[in-house]
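Novice: Shown below is the structure under consideration.
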Amino acid sequence: MEGECTYCGSDVAAHDPLVVGDADGTVGQFCNYACLSAHIESEELVVGDACEWSPDADCR
Ligand SMILES: [Zn+2]
């Protein structure tokens, strides 16, 4: 698993990897923002604690 995109499984080292996490630790690592946003949508991670990890969170 290490080095693989959480969403698509590609080698993140071949790209400009994004690693995101919350208070409990790492949520995932992604090739790029496209994979990150796709993963968010598929997992509905935007609900609740988005401001904990999102690179462009709009904390309210
Ligand atoms: Zn990916």
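Read-outs: derived from the displayed coordinates by stated rules, not from any lab. What you are looking at is a predicted structure, and each value in this text was computed from that prediction instead of being measured. Note that we place each Cβ from the backbone using ideal geometry, even for glycine, and neighbour counts take in every protein chain shown.
Novice: Taking the Cα centre of segment 1-45 as origin and charging only Cβ (+1 Lys, Arg; -1 Asp, Glu), how large is the dipole, in debye to the nearest 20?
Specialist: With only Lys, Arg, Asp and Glu charged at Cβ, the dipole is about 120 debye.
Novice: Can you tell me which of 10-22, 29-41 comes out highest on packing, and rank the rest after it, using the mean Cβ neighbours within 10 Å?
Specialist: Going from most to least packed, we get 29-41, 10-22.
Novice: With a/c under 1.5 counting as rounded, go ahead and sort segment 1-45 into rounded, prolate or oblate using the C-alpha gyration tensor (a ≥ b ≥ c being the square roots of the eigenvalues; past the cut-off, prolate if a/b is larger than b/c, else oblate).
Specialist: Oblate, because a/c is 1.5 or more while a/b does not exceed b/c.
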